[in-house]
Amino acid sequence: MEGNDIYKDIAEAVYQRNASFTESKFQKVWKAKLPGIISLFEHLYGVLEDKGDLFGKLLEVVFEGKVNRPTKWKQRDEQKAQKGIWFADHNLVGMSIYVDRFAGQLAAIPSHLDYLEHLGVNVLHLMPLFESPPHESDGGYAVSNFRKINPKFGDLENLNELVHEMEAKGMYLMLDIVLNHTSHLHEWAQKARQGDSYYQKFFYFTNRAAEVKEYESYMPEVFPESAPGNFTYLPELNQWVMTVFHQYQWDLNYANPLVLAAMLENIFFYANLGVDILRLDAPAFIWKEKGTNCQNLPQAHQILQLIRSCVDLVAPGMALLGEAIVDPGNIIKYFGTEKYKGQECHFAYNATQMALQWDMLATGETQVMLNEQEVLGKKPLGTSWITYTRCHDDIGLGYEDHSIQKAGKDPFLHRQYLKDYYSGNFPGSQSKGALFSVHPQTGDARISGSLASLCGLEKAIEEHDYPEVQTAIDKIILMQAHSFFIGGLPMLFYGDELGYTNDYSYLDDPSKNYDNRWMHRPIINWEKNKLAELTGTIENQIFEKTRQLLKIRKSNPVFHDYSNIRWHHQLPNGVAGFERYHAQSIAFCLFNFTPEQKNIPSATFTNHPNPFFDLWSNTVYPPNPTIDIPSFSFLILFSSKKLVDNAILE
């Protein structure tokens, strides 16, 4: 037998062994997906002598996942399919939380679901839950057991109880899986360290210093301050192992298809727990080739496309989020290209737009941001962004140099200004952030700090400067509004809904004090959270305004992600403006990122005969209005006679 016939015969044999356990609908999907699975597997592993046996192993994992899928999740898959692109719905709003810092343990989270529901959150992202070593955890991303909940959070029973409570409220669950590496204490790594050749092939081992140099001469350092280099020497083996992130995180070798099969087993384990969105951590790094930077390689995309095809067979209602924090041209590729366009990840982080928001806020200019929209606008229909202002990670300034140059700026000096501004080192800056992962040779760095502290709230409170407190609140709401309405699933970071400032308690923890990202990962004080109920407090102002923004989003289908956005390029510099449109509705969204009032000319609104209604301020404007937008403010304008008439009647 030659070519694909080998795979087809193996696939048929595996199917027949499992046919009695699958539904009739599965056969149709199986026939549709199998050619792509075969093609991808052959591209990745076709040179291996035992490729047939390895392919059979992969398919057995798929069928095992399907057979083990609980009936209630199969029914939920059907319900999502009936909704179409369920994950792009304007009614969805997420929040990312660290379980221990938000609620202590998993068992306590159900008691806070009403709080999240009141805010408007119905997608809950639980940051890494699974077992990791206490002092070598990288915030939970150094996993030592993919199937065991970290005991400090509880156990699988607690997670199942939470899933049950969330399901009853119509909420969705998002969890992480770390694709690129394991902890050095994971069973696979432990066996590899003991000399087991089977498991050594799960990682990148070499006994040649020259080979280490071959890789490292092209590979950048992820954490040049705390974890320089990309390999760690193991004296007991007289070998090096690849450790791109930290020395305690060993990179998995996906050139070995047994690694892919083993990780698919973990993916299906999470799917069958009831996960709705699975966040694939660090997918840009999962394939390594000498002579490259070992990031964003074509084979990494083929692995993700293969994972997607297998997930579509086992858990078609689970969406995949690719956590690729890379340049805009590469981010788009994680949705899939060519014949796999729209068939790789359902979601990607809009990290570029997030960083550009911070660029606009610091500079009061919009041209750099607008220059990136041509690339970002290539997102395929049927996929969606995760939009956000802050997350657990730092803020990288990884957008394209040419977009900065096109705006008449020097890329190095421009980024230096942003770093100085947000670290509070630029004269007049109100920000209290910090530089993270500073590269000693290039000066490259990223930015840590909470949304509130970067917007100036921490400094304003310290200085008892009430006008600056209000300005900081305006900036916070401006930033959130921009991310809520731009298109995608908005993901709040816990504490931001109340204006939590930097938490410096991490400095007293030896397992965290080397990593200043912990300053924007607060420990929630639920007594403080009660201030959200007290009219006029800072917490109340931010919470209620955030809540109102989410109500506006959920009330208007125009904010569903149909890839339905048009940018305005002729607005005054410093005003970011776009239209969201669907059916007969259009929303004009205008955001003033400057400290001055800006005038929006009537020509912006030509061809719209109806009056305009601003959903944020409840203000009616005549047709073709000339509008002044106050500093650090925004408008959500609908050209709708019905909305205007209703507003007048009220």
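Here are a few things to note about the model shown:
- Shown here are the Rg and Dmax of the Cα trace of the range 1-121, at 20.7, 62 Å.
- Mean sequence separation of contacting Cα pairs (under 8 Å, at least six apart), scaled by the length of the chain, corresponds to a relative contact order of 12 percent.
- Separation of alpha-carbon centers, the range 94-111 and the range 251-317, rounded to whole Å: 27
- GluC sites (Glu not before Pro) lying in DSSP loop within the range 495-533, provided at most 16 other Cβ fall within 10 Å: none
- Taking 0.36 nm per residue of separation and subtracting the Cα-Cα distance, full extension of the segment from residue 64 to residue 29 would add 11.0 nm.
- Mean projected area of the convex hull spanned by the Cα atoms of the chain, taken over all viewing directions: 29.8 nm².
- Descending Cα extents along the principal axes, the range 255-398, whole Å: 50, 39, 30
- Annotation: the antiparallel percentage among DSSP beta bridges lying fully within the chain is about 60.
- Where Rh is the Kirkwood radius over Cα pairs, Rg/Rh for the range 447-551: 0.98
- Summing charges over neighbours of residue 439, with a neighbour being any other residue whose Cβ is under 11 Å away from its Cβ, gives -2 when K and R count +1 and D and E count -1.
- Listed residue pairs exceeding 21 Å between alpha carbons, taken from 31/83; 419/459; 83/169: 31/83
- Angstrom value of the Kirkwood radius, inverse mean 1/r, which spans all Cα pairs in the range 387-451: 12.6
- For a straight C-alpha distance cut-off of 12 angstrom, the aspartates and glutamates reachable from residue 33 (same-chain residues fewer than eight places away being disregarded) are 312.
- Seen from residue 424, the other residues with C-beta closer than 9 Å to its C-beta sum to a net charge of +1, counting Lys and Arg as +1 and Asp and Glu as -1.
Where a number appears in this text, it was derived from the coordinates with a stated rule and is not lab data. Note that this is a predicted model, so its numbers are computed, not measured. Cβ atoms come from the backbone with ideal geometry, glycine included; neighbour counts cover every protein chain shown.
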